[in-house]
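Step one of this worksheet: look at the structure below.
Please treat every number below as a calculation from the coordinates, not as lab data. All values reported here derive from a predicted model rather than from experimental measurement. With ideal geometry, Cβ positions are generated from the backbone for all residues, glycine too; neighbour counts draw on all protein chains shown.
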Amino acid sequence: MSEPLLSVRDLRVSYQVGRNFVHAVDGASFDIPRGSITGLVGESGCGKTTVARALTRVIAENASISGGQILFDGKDLAKIPEKEMNALRWRDIAFIPQSAMNSLDPVYTVEYQLAEVLRRRGGMDRKKARLRSEELFEMVGIDANRLSDYPHQFSGGMRQRVAIALALALDPKLIIADEPVTALDVIVQRQILDQLKELQTRLGVSVILVTHDISVVAYICDRTVVMYAGKVAESGTMQAALTAPSHPYTMGLRNAFPDLRGAASGILTPIEGAPPNLVSPPAGCRFKPRCPFALEICETEPPVVDVAPGHPVLCHRANESAALRIEAARTETWMVPA
Amino acid sequence: MDGAGMNMITKRPDILVSVFDARLHYAVGGAFAAMRGKSTVVKAVDGVSFDIRRGESVGLLGESGCGKTSMGRLLLKLEEKTGGTIHFDGEEIGAVRGDRLKKFRSKAQLIFQNPFDAINPRFTIRQTLSEPLENADIPKREREGRIITALELVKLPEPAQFLDRYPHQLSGGQLQRVVMARALILQPEFVVADEPVSMLDVSVRAGVLNVFRDVRDRLGLTAIYISHDLALVRYVCERTIVMYLGRIMEDGPTEDIVREPLHPYTKALVAAVPVPNPDQSHDPLPIGRGAPDPRNPPSGCVFRDRCPAAHARCAAEVPRPKSVGTRTVACHLY
């Protein structure tokens, strides 16, 4: 594999809450290859949005990057001065936030907001900015005469298209999209995903798609990074991580997810319990309290095991994953003894 | 036989809920819009008819704004219909008042969408669950027992430990079970669940759905499950009603709808659902771009502006529900 576009090494981000620190991201490592779509998946509180925000260094006031490296184009984004970082935003790294309604300013026309990025960040003059805006609208499938409309005049799906147009404005190398289709209806969701995939392939840009929905990842992504309780449980190609998962958490997620093309009689199996409190996380493996395969050794910090090249798994029993997968497919495995 | 014919027989003992030509129209726009001649009527529910048999689980499926939640609220008399009839157990609910209304309220319950909004954060779980019992005049000495039974029913382990806790001390999954327990504590015959797991994480969702299925089967409940997610509806309901802009597009056994959707809208819905399996291929979407506009629906068939199979008749004439095999479909193709 050629050198990755982005390489995150042992990233740590914590929030100060009163006198406590919540270690929302606690040693995350993964690579983003050039020209790929990577799904960053996990449940609420797993740290996926915090990772995404840390990559652009737009994080909450009480948050800080407390360790690790974010290597992008030969620079460590965790360390470069704010001025240098600011120059990268939009031009090299663009962000599509969760709700386009909240990211677009309701009192300005969409054209004004596009022009703001194009002129201020991209140094274009008025005429060039107008042409580029028209081009961008055409790319995301909106009629250019709607440029002068205000955000409220667009439907939810159209607003998300506008947010994509904004992200593409200056031809970035990396787009980070935080749950870009979560609030949308299933048909519109599919149309937006198709559009995103088409543009990604055509422009060769890399995309990080933050989502809780593994079916969205399965539909559109090439690779996936699965997070649990502030750590990366496993990462790898889509096939490796979803068809044959090697971390018990990923195995459990698959069982819990309904599959419309699967058998009607299929039973959904929950993962009992809840993720740990990140103020004082348990010692050893963080999934241990919910894991049906936990052993005594899981009280200690799990190693990162490469079950295949480019498929690291954070688990003491990663080498037994083929056998565990068979057991994990049975509902009884996940039932808590009464 | 079309929907109207079936609905005239409200005395059939196996039918618990019978809806005929139900309408819920809102005037929107206010004074300024009226001055500019722009006030409009939004038809949230517009001429909907169906029957629900006792013990049946029916999914109300559709996109936001399709009227599924409005329909659910009409069934529970949380919203007054502006037309049509709704019979519950043989009785028209529109005119029900006083003691009879109180009785209806205990028999027909709502399970709310967001457990964090549905429960008073300053009430303990005991207070939350006592309230419906008080309203139904259940004597005080019986209450604690009923509360424990209800919490056991929704599989909260060691229920007694939860009684004096506050909502913020419970996880989302536990709280949604409390919401379910509150709906079930008066032993209703009929429950309407409005997207009960949409706020929960995937790993927790399956547990709540399993409890819902289990409770329904054990108590023989008649249930409406409102959702935008066909995969979830399929998991819970044997029958599905697909709504679009206030009308029913298709109604039939869920499995038939998933395997071979008939209405062009249902076809698009089924094709759009992503599956959690990377090896599965997806069909292209058979639907035009655009979004439904409840203020300004097209004439004739409300789906025709996005429909790939639309023809002249679709603009001129509202398609009437027709019986096609196991299903009822409102489309001029059939």
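Going by Cα centres, segment A:1-69 and segment B:260-334 are how many Å apart?
Using only Cα atoms to place each centre, the spacing works out to 42 Å.
Using alpha carbons only, how many degrees (0 to 90, rounded to 10) separate the axis of helix B:140-153 from the longest principal axis of chain B?
The two axes meet at around 60 degrees.
If you project the alpha carbons of segment B:223-300 onto the principal axes, what extent comes out on each, in Å, largest first?
Computed over segment B:223-300, the largest-to-smallest principal extents equal 40, 32, 19 Å.
Once amide H atoms are built 1.01 Å from N in the peptide plane, which residues 5 or more positions from B:GLY83, or in another chain, come under 5 Å H to H?
B:ARG23
Please give the helix A:126-139 orientation as an angle from the longest Cα principal axis of chain A, in degrees from 0 to 90, rounded to the nearest 10.
The helix A:126-139 is inclined about 50 degrees to chain A.
So for segment A:134-292, considering every pair of alpha-carbon atoms, how many percent are separated by more than 20 Å?
60 percent
What residue among B:VAL17, B:VAL258, B:VAL41 has the largest mean-square fluctuation in a Gaussian network model of chain B, using Cα springs under 10 Å?
B:VAL41
Students often get this wrong: which residues of segment A:316-331 have the backbone nitrogen under 12 Å from the point 7 angstrom along Cα-to-C-beta of A:THR300?
So the set is A:316.
Considering only B:PRO294, A:GLN189, A:PHE293, whose Cα is most displaced toward the positive end of the charge dipole of the protein assembly as shown, charges sitting on Cβ of Lys, Arg (+1) and Asp, Glu (-1)?
Result: B:PRO294, furthest along the dipole toward the positive end.
Please list, in order along segment A:119-125, the HN-Hα scalar couplings obtained from phi with the Karplus expression 6.51 cos²θ - 1.76 cosθ + 1.60 (θ = phi - 60°), rounded to whole Hz, x for Gly and Pro.
Values, residue by residue: 7, 6, 8, x, x, 7, 8 Hz.
Hey, what do the phi angles of segment B:308-321 turn into as Karplus ³J(HN,Hα) couplings, whole Hz, using 6.51/-1.76/1.60 and θ = phi - 60°, x for Gly and Pro?
Along segment B:308-321, the couplings run x, 9, 5, 9, 4, 4, 5, 7, 8, 9, 6, x, 8, x Hz.
DSSP loop chymotrypsin sites (Phe, Trp or Tyr not before Pro) in segment B:88-197 with at most 14 other Cβ atoms within 10 Å of their Cβ, which ones?
B:PHE123
If you build the Cα gyration tensor of chain A and take the root of 5 times each eigenvalue, what three semi-axes come out, in whole angstrom, biggest first?
Over the Cα atoms of chain A, the ellipsoid semi-axes are 37, 23, 18 Å.
Assuming 1.306 mPa s and 10 °C, estimate D for segment A:244-338 with Stokes-Einstein, Rh taken as the Kirkwood radius over Cα pairs, in µm²/s.
Answer from the Stokes-Einstein relation: 111 µm²/s.
Would you mind listing how long the protein assembly as shown runs along its three principal axes, going by Cα atoms, in whole Å with the largest first?
76, 65, 45
If you rank B:CYS301, B:CYS237 by fewest surrounding Cβ atoms within 10 Å, what's the result?
B:CYS237, B:CYS301
Would you kindly work out the equivalent ellipsoid of segment B:175-334 from its C-alpha gyration tensor and give its semi-axes, the square roots of five times the eigenvalues, largest first in whole Å?
They are 32, 19, 15 Å, listed largest first.
Would you please give the residues with an amide H less than 5 Å from that of B:TYR334, counting only those at least 5 places away or on a separate chain, with H modeled from the backbone geometry?
Long-range HN contacts for B:TYR334: none found.
Quick one: which residues, 5+ away or cross-chain, put their amide H under 5 Å from the amide H of A:GLY39? H built at 1.01 Å from N.
A:LEU209, A:ASP222, A:ARG223, A:THR224, A:VAL225
What percentages, rounded to whole numbers, describe P(r) for segment B:69-189 computed over all alpha carbon pairs with 5 Å bin width beginning at zero?
Once binned at 5 Å, the Cα pair distances of segment B:69-189 give 2, 11, 20, 21, 17, 13, 9, 5, 2, 0.
Please arrange B:ARG213, B:ARG289 by how many other C-beta atoms lie within 10 Å of their C-beta, fewest to most.
Neighbour counts put them in this order, fewest first: B:ARG289, B:ARG213.
With no solvent and one equal point scatterer per Cα, compute the Debye intensity ratio I(q)/I(0) for segment B:269-324 at 0.24 Å⁻¹ and report its log10, rounded to two decimals.
So the normalised log intensities work out to -1.01.
How would you rank B:HIS25, B:HIS332, B:HIS168, going from fewest to most other Cβ atoms within 10 Å of each one's own Cβ?
Taking fewest neighbouring Cβ atoms as first place, the list is B:HIS168, B:HIS25, B:HIS332.
Can you tell me what percent of all Cα-Cα pairs in chain B are more than 24 Å apart?
Above the 24 Å cut-off, chain B has 58 percent of its Cα pairs.
State the antiparallel share, in %, of DSSP beta bridges confined to the protein assembly as shown, rounding to the nearest 5.
60 percent
Hey, any idea what Rg/Rh is for segment A:6-95, computing Rh the Kirkwood way over Cα pairs?
With Rg and the Kirkwood Rh in hand, the quotient comes to 0.95.
Tell me, what HN-Hα J-couplings in whole Hz come from the Karplus equation 6.51 cos²θ - 1.76 cosθ + 1.60 at θ = phi - 60° for each residue of segment A:322-333, using x for Gly and Pro?
Using θ = phi - 60°, the values come out as 4, 5, 5, 4, 5, 5, 5, 6, 8, 4, 4, 4 Hz.
Below 30 Å Cα-Cα, how many Lys pairs turn up in segment A:26-160? Only count pairs eight or more apart in sequence, or on different chains, if you could.
Here the count comes out as 6.
With unit charges on the beta carbons (Lys and Arg positive, Asp and Glu negative) and the dipole taken about the Cα centre of the protein assembly as shown, which residue among A:VAL305, A:VAL110, A:THR56 sits farthest to the positive side?
A:VAL110
Computed over the Cα atoms, what is the radius of gyration of segment A:169-219 divided by 2.2 N^0.38 Å, N being its residue count?
Cα-based Rg divided by the globular estimate yields 1.12.
Grab the DSSP H runs of chain A that are 4 residues or longer, score each as -39,500 (n - 2.57), total them, divide by all residues and round the 222 nm result to the nearest 500 deg cm²/dmol.
-8000 deg cm²/dmol
If you take each beta carbon of peptide B:284-291 and count the beta carbons of other chains within 10 angstrom, what is the mean?
Counting Cβ atoms of other protein chains within 10 Å of each residue's Cβ and averaging gives 4.
Using a Cα-Cα cut-off of under 28 Å, which lysines could be cross-linked to B:LYS81, ignoring same-chain neighbours fewer than 8 residues away?
Partners within reach: B:LYS11, B:LYS38, B:LYS43, B:LYS68, B:LYS102, B:LYS103, B:LYS107, B:LYS322.
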